[in-house]
Amino acid sequence: MERDETGKRPAGQTRSGQRSARLPRDERRAQLLAAAHEVFVANGYHGAAMDEIAETAHVSKPVLYQHFPSKRDLYLALLDSHLSTLIELLLGALNSTTDNDERVQAVMRAYFQFIANDDQAHRLVFESDLINDVDVSARLEAFNKTFADAVARVIAEDTKLPELEAQLLGRGLAGLAQVSARYWLETDGNLDLDVASDLIYRLAWRGISRFPKET
């Protein structure tokens with residue numbers, strides 16, 4: 001491996017001898033997050049090492065630490081990215097129509113699609129081995145609240161239920177989507193995604209549609 005006169009590797013060169021091209025900061029950050037995702041999914045938080053993440057990204061550890069001062073900072077940034085993607089998907093589905101029947105169907109399908117994605121982002125979101133970390137749990141609660149509150153607003157507007165009752169229903173629907181989608185994934189493809197999400201949609205809609213819509 002090429003080294004300078006001090007015996008050190010040149011900046012930006014990994015142990016494999018590969019040099020990482022200079023990238024704009026945002027592109028480099030995205031590259032590092034992608035590498036971290038791969039390593040965290042494979043090994044979990046505690047089993048992942050910054051050395052391996054740097055190698056996977058084809059950068060030196062100093063380059064990695066320039067962007068993320070610690071493994072925990074890197075993990076939290078990745079969690080933020082996945083939660084942002086998921087909430088965007090869910091709110092997009094919720095706001096895709098004003099027909100409440102179609103809304104419920106769209107939201108359930110969006111949840112199932114996120115869980116089924118080949119990148120396994122759901123494992124970092126819902127199966128984190130840092131689940132009891134205060135910053136991780138705060139992020140998950142913020143996500144759950146944002147989604148449930150959005151559902152609750154739709155329910156309150158249509159039914160005129162009190163805010164607390166609408167929020168409880170919103171939490172219930174959000175929990176139904178998450179728990180059922182995660183369980184479905186454990187069936188190893190024995191139940192088609194469309195069939196599974198449609199079953200949960202029909203269950204949810206038959207329940208929520210019982211609440212009278214105000215005219």
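General observations
- Taking each residue as 0.36 nm, the span from Val195 to Phe126 lengthens on full extension beyond its C-alpha to C-alpha distance by 22.6 nm.
- FRET E, pair Asn43, Leu164, Förster distance 45 Å, beta-carbon r, rounded to 0.05: 0.60
- Whole-percent carbon and sulfur share, accessible surface of the chain, 1.4 Å: 50 percent
- D by Stokes-Einstein for the chain, Kirkwood Rh over Cα pairs, 10 °C, 1.306 mPa s: 81 µm²/s.
- Overall form of the range 116-215 per C-alpha gyration tensor (a/c, 1.5; a/b vs b/c): oblate
- For the chain, the solvent-accessible area works out to 56 Å² per residue, with a probe of 1.4 Å and every protein chain left in place.
- Subtracting the Cα-Cα distance of Val179 and Tyr65 from their residue separation scaled by 0.36 nm leaves 37.4 nm.
- Simple label model, 7 Å out from Cα along Cβ direction - Ser84 to Leu203, nm: 3.3 nm
- For the range 60-70, putting each phi into the Karplus relation 6.51 cos²θ - 1.76 cosθ + 1.60 with θ = phi - 60° gives couplings of 7, 4, x, 5, 4, 6, 5, 8, 9, x, 8 Hz, in residue order, rounded to whole numbers and with x for Gly and Pro.
The values are calculated or read from the model by the stated rules, or taken from the named source; none is laboratory data. The structure presented is a predicted model; accordingly, all values stated were derived computationally and were not measured. Virtual Cβ from ideal backbone geometry, glycine too; neighbours counted across all protein chains shown. The accessibility values were calculated without ligands, DNA or RNA, using every heavy atom of the protein model including side chains. Shrake-Rupley method; radii C 1.70, N 1.55, O 1.52, S 1.80 Å.
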